[in-house]
1. Tally time: how many residues in the stretch B:86-120 are of a type in the set (Phe, Trp, Tyr) and under 18 Å from B:Leu18 (Cβ atoms)?
2. Looking only at residues that are over 26 Å from B:His212 (Cα atoms) and polar (S, T, N, Q) in the stretch A:259-308, which one is surrounded by the fewest Cβ atoms within 10 Å (Cβ to Cβ)?
3. Given the residues C:Leu50, C:Leu100, which is the only one that is under 22 Å from the mean Cα position of the chain (by Cα) and not acidic (Asp, Glu)?
4. Among what's in the stretch C:198-208 and is touching a Ser or Thr at 6+ places or on another chain (Cβ under 7 Å) and part of a loop (DSSP other than H, G, I, E, B), pick the residue that is surrounded by the most Cβ atoms within 10 Å (Cβ to Cβ).
5. Look through B:Lys119, B:Lys128, B:Lys138 and report the one residue that is assigned to a loop (DSSP other than H, G, I, E, B), modelled with pLDDT of 95 or more and farther than 26 Å from A:Arg305 by Cβ.
6. Test of understanding: among B:Asp45, B:Asp52, B:Asp103, B:Asp92, which residue is surrounded by fewer than 19 Cβ atoms within 10 Å (Cβ to Cβ), modelled with pLDDT of 95 or more and closer than 19 Å to B:Gly12 by Cβ?
7. Please go through the stretch A:154-178 and pick out each residue that is surrounded by 24 or more Cβ atoms within 10 Å (Cβ to Cβ) and among the small types (Gly, Ala, Ser).
8. Can you tell me which residues in the stretch D:268-278 are assigned to a helix (DSSP H, G or I) and either more than 9 Å from every other protein chain (Cβ to nearest Cβ) or closer than 18 Å to C:Asn207 by Cα (or both)?
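The values are calculated or read from the model by the stated rules, or taken from the named source; none is laboratory data. Predicted, not measured: the structure shown is a model, and the values here were computed from it. Note that each Cβ is placed from the backbone with ideal geometry, even for glycine, and that neighbours are counted across all protein chains shown.
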Protein chains: 4
Amino acid sequence: MSIFVGIVGALGYTGAELIRIICNHPEFELKFATSRQEYGKKLMDIFGHLKDTKEGEIEIIHPDRCREIDVDLVFLAVPHKTAMNFAPIFLDKGIKVVDLSADFRFSDPNIYEEWYQTKHLHKNLLNKAVYGLIEIYKNEIKKAHLVANPGCYPTSIILGLYPALKNNLINPSPILIDSKSGTSGAGRAAKLGVIFSEVYDNFRPYNVAGGHRHTPEIEEQLSKIANTNIYVSFNPHLLPIQRGIISTIYVTLKNNISFDKLYKTYYEFSTKNRWIRLYPRDRLIETRFVRGTMYCDISLCFDQRTNTTIIISCIDNICRGASGQAVANANLMFGLEEDTGLRNLALIP
Amino acid sequence: MSIFVGIVGALGYTGAELIRIICNHPEFELKFATSRQEYGKKLMDIFGHLKDTKEGEIEIIHPDRCREIDVDLVFLAVPHKTAMNFAPIFLDKGIKVVDLSADFRFSDPNIYEEWYQTKHLHKNLLNKAVYGLIEIYKNEIKKAHLVANPGCYPTSIILGLYPALKNNLINPSPILIDSKSGTSGAGRAAKLGVIFSEVYDNFRPYNVAGGHRHTPEIEEQLSKIANTNIYVSFNPHLLPIQRGIISTIYVTLKNNISFDKLYKTYYEFSTKNRWIRLYPRDRLIETRFVRGTMYCDISLCFDQRTNTTIIISCIDNICRGASGQAVANANLMFGLEEDTGLRNLALIP
Amino acid sequence: MSIFVGIVGALGYTGAELIRIICNHPEFELKFATSRQEYGKKLMDIFGHLKDTKEGEIEIIHPDRCREIDVDLVFLAVPHKTAMNFAPIFLDKGIKVVDLSADFRFSDPNIYEEWYQTKHLHKNLLNKAVYGLIEIYKNEIKKAHLVANPGCYPTSIILGLYPALKNNLINPSPILIDSKSGTSGAGRAAKLGVIFSEVYDNFRPYNVAGGHRHTPEIEEQLSKIANTNIYVSFNPHLLPIQRGIISTIYVTLKNNISFDKLYKTYYEFSTKNRWIRLYPRDRLIETRFVRGTMYCDISLCFDQRTNTTIIISCIDNICRGASGQAVANANLMFGLEEDTGLRNLALIP
Amino acid sequence: MSIFVGIVGALGYTGAELIRIICNHPEFELKFATSRQEYGKKLMDIFGHLKDTKEGEIEIIHPDRCREIDVDLVFLAVPHKTAMNFAPIFLDKGIKVVDLSADFRFSDPNIYEEWYQTKHLHKNLLNKAVYGLIEIYKNEIKKAHLVANPGCYPTSIILGLYPALKNNLINPSPILIDSKSGTSGAGRAAKLGVIFSEVYDNFRPYNVAGGHRHTPEIEEQLSKIANTNIYVSFNPHLLPIQRGIISTIYVTLKNNISFDKLYKTYYEFSTKNRWIRLYPRDRLIETRFVRGTMYCDISLCFDQRTNTTIIISCIDNICRGASGQAVANANLMFGLEEDTGLRNLALIP
């Protein structure tokens, strides 16, 4: 069986990661890749690592031409606002869609419109879209035609808090989140703030105190899990590394809940999910251990001096936080094992 | 006027930084530099950047020989436990001492002995030692013969919290501290955990939840400032950069205190102190802006969604967090301007 | 079919890379991994990225115990001098061996003994060992019981010069080689010279002017190819990156040879070999395009001003320059496709 | 005495470096700084490291307004082609000019026009401009009104070859130059090729085989020194570091010249020049030892196997290769010591 795949917006880092995974995927076959700027070139002209591969020889097409090509599945790897216009085109033809943008992540269009400063033009699709976090919505994803692939920070944070909130083990407030992300999260775009000389040998916070667009996405999902309104203080920082997000999350246990109970709950969660790895109590996660993989690694710590519980979760922002997760969603949508094409381990060092 | 200076333990990174600063210091003249392993060599044999300088030509001596050389001032840049035995040797001869180790930072020897797992052999000196944080103890430092130079993390955290705690603006609990430090803080020593291949393109927490030895140092100083017992959750992370610490500190304002009031208090603090820079509300600090300098840069943020106040402080761990601060202390001890030899700005990029 | 595999010296970076590749290899099954220091632990205790894998659960054994375990194939990933003593143990039992050290790379034991400053204790094996450069010795490798896996620099340089020397297109002298290698080549060992703070944001030559042990290995192989004595000036530099070697090689074309002829010869070479990629004339290779792969990428340039031909070759020093090549050799020794388990592409970024 | 200084094009990295040096310069006082895009802001709005300094408070002006302000000296830190139009404006008013662009570096305008693809509009100034390499043209610089500040690569290469060519010790051909530069050389500009994710953990050649514009500059200067036409093969590579150039230069000694003779000649050169440091024969230069300084460090090596002499020279591309050298030139033009404001050492680590 071969499932034919197209990528709209193939030349960003999420596009590149999709192509890399598809190259080694036993069932997916890349049929088209679009770019508004670079159409006419071959993929290997842009991405040298694809040289001498079948995929590298594919000619990039203008997005207007993507309707002409027969596929079973499309990944939208274009920016929000652009993505929402592509989704119905494919859905109407019966083609399944995984959208890596934020356009279909919210159930309430007002929240989307407020935070993304744009009108939502396909609100009718919002309640058909499934939020593609496989540990939570696996059954829904299997049946979905449109999956809204989660954001990178939200993936690390929601997975880090899910067992605690789902099982009512922590207080819903305060939840303080200190996140650190590699620079690839800023995308493949020429912006002064991310040139090498501005980022290397440097570290800095940005969009702290609720200024980041991932805040409402995190809050909507956590509220659904906890079945109560959750507000978080989300504070991202920019790391001078390629890939990797660590979210250090500060919470307090409910009165009658022990740290042991919390640990056991997370352990069970990890045994039931292919890509959740709970670290032993005396060991801490590192971004390099998830590089290029789908794992969400978690450490749990308890600070007795201050009665603080610290949940530290770690993902690769491009693979787990975007393209790998998109492929896992697509696997489920087509009845494949969720880890098809996604079994490799991190490159160390 | 020339003040003759010696360095015990000159070949670590704090030693190297002391030498760099002394090379450009108009009043200090380096007379000796010791190393137990490398004596007999010249400083430039170890530190190529000193080649063709007067200091680079200095022959490293064995620490046993440091008594033979006439100096006015000694910097102890050896590990804790070793430092405490050197201090009385010099003090007894009327030589002033700045100790960069932890040996004289605590007023209670029991806390030292518990956290550093060693007997304190010169407890009588503890109450003569002044904690060398110049923004707080300037007058005491001017009269001191023995200064205990603060740790790097404590410098960033105590300065970040000082105006708030001193003026009773925040609740004493919880104080959650998420710190990130450059790898130079691990010192110039061959340890597997800090070789390039283990650190580069990686990020990780370590010694979280109160496991780091700087915890009691931070708590003692904060408790003195607040005039009440303060306990903090201190959680360090290792950054793949050379120099720089950012401490992101989560606190809550007291009931009747506005964020405006807090900001103004910090602004006043910054105007009264040579090296405190408070950033405008819409701008965030970055480690590179303090590289190689004595500045402690501070950003203040308020997260309305969760009523959280976020204090972000930033220093260079080797300069402000160790050797530069040691020189500033020495300047004060000898009646010089505190910034003598310390006026350079960060190298960008 | 399952081929049982052991690794002697599993805890260096070449060991880690062997394990990573074997984890995804459809035919190889890891049966033992040794370490003289860390036996008794599980592999995942050392390598966090192996957590929750079958291989990660394997208990590391002392090398003395490796005879007890039934395997078909052993990789020797221990230092030279140690490796030579392990080889006969396995060979005598009919177990095939790929040795990643230098111990069996030379046909003349005197050259080995001079450059590696040690007696060779198993000279009788030298003429049974096949030099494992698959583009040159494929047929011999298929029949070999002992393969001497090439060094990293030699791999990049020999492949870069092979088509030119084999076809008599360049003058045998001068051949000037300016190589640059990532720091992982220095291994997983605590040495002051490779700690992060000494390597990061720094670049430096080392062992230039024929001081590097790879010099005689390069010269022996090039001499065989050219059928005349070849001497090279080999000059390595240390790059502050994880993986990757670029060798910039300066040669002159023979009188009657055009650059076009050279280019066509390399192009043919690339079409006949799975992992040789010749870049178009207007494009230059980059280390990231081969990261984690078996590719040897080559750019050819001609400098008309000075009549200089510049061959630039690029490999991943750990994968192509060590463990990946070792697996490819093993594939051939067991009648598998050479790229079994080695089909992944580089992670970008 | 105070010398009033202006900077045209202050917001690139050479501008930033000029400001940093001027901040600590005892005689120069910054009077204006221009930017076509960011005028109206303060310098510290762009460069956070200038916060709370006198210079940081200076308001950036539009370049059209720079004539209004009285200064004694102007640094042109704008791109080539733009610079040539500013020079006469200031020169006509008797203001001395140091131009950091390539516009006045060539004696032959045809070569400039061919390589920089633009008409030279002020050819009459070419023979008034002095090439600002202080080791060679010190006397001319002292009397100059217009100094053409050398390029970064040329500085490292010309200084590396000067003693050998001046004293007729090496053959004029072949001269093969393998250079490696930090990314700051690409400037403070948003270009896709230099964003962090494209540069970090990567290494690559570019503009090899005579494609780089610094080629004719190097050749003109070397030809003057050698008093014969010199052609070089100049091959640059991009390093993932901030600052630093290493040029590894391959030459052959003249028949009757020993390597000892060469070494002694360089040693003499180093003793006569403030910033030339010749390393001992058993030690090699590193970029970090010159970081932020004016030093040109040199190692000399002889490869007996191939009779090759290897000259390795090392500078900081922004300080020695641009702004520091510009200040040194200005010092000489105003009768100051050449190292005024330029005495600091490298920051290690």
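1. First pass over the stretch B:86-120, keeping only residues of a type in the set (Phe, Trp, Tyr): B:86, B:90, B:104, B:106, B:112, B:115-116.
Filter once more, so that each one left must be under 18 Å from B:Leu18 (Cβ atoms): B:86, B:90, B:104.
Result for the stretch B:86-120: 3.
2. Ranking the candidates gives A:Thr271 first.
3. Exactly one residue qualifies, and that residue is C:Leu100.
4. Only one residue fits best here, namely C:Phe203.
5. Values: B:Lys119 fails: farther than 26 Å from A:Arg305 by Cβ; B:Lys138 fails: assigned to a loop (DSSP other than H, G, I, E, B).
That would be B:Lys128, the only listed residue that is assigned to a loop (DSSP other than H, G, I, E, B), modelled with pLDDT of 95 or more and farther than 26 Å from A:Arg305 by Cβ.
6. Numbers: B:Asp52 fails: closer than 19 Å to B:Gly12 by Cβ; B:Asp103 fails: surrounded by fewer than 19 Cβ atoms within 10 Å (Cβ to Cβ); B:Asp92 fails: closer than 19 Å to B:Gly12 by Cβ.
The match here is B:Asp45.
7. A:Ser156, A:Gly160, A:Ala164
8. Here is the first cut: in the stretch D:268-278, the residues assigned to a helix (DSSP H, G or I) are D:268-272.
Hits for the stretch D:268-278 are D:Glu268, D:Phe269, D:Thr271, D:Lys272.
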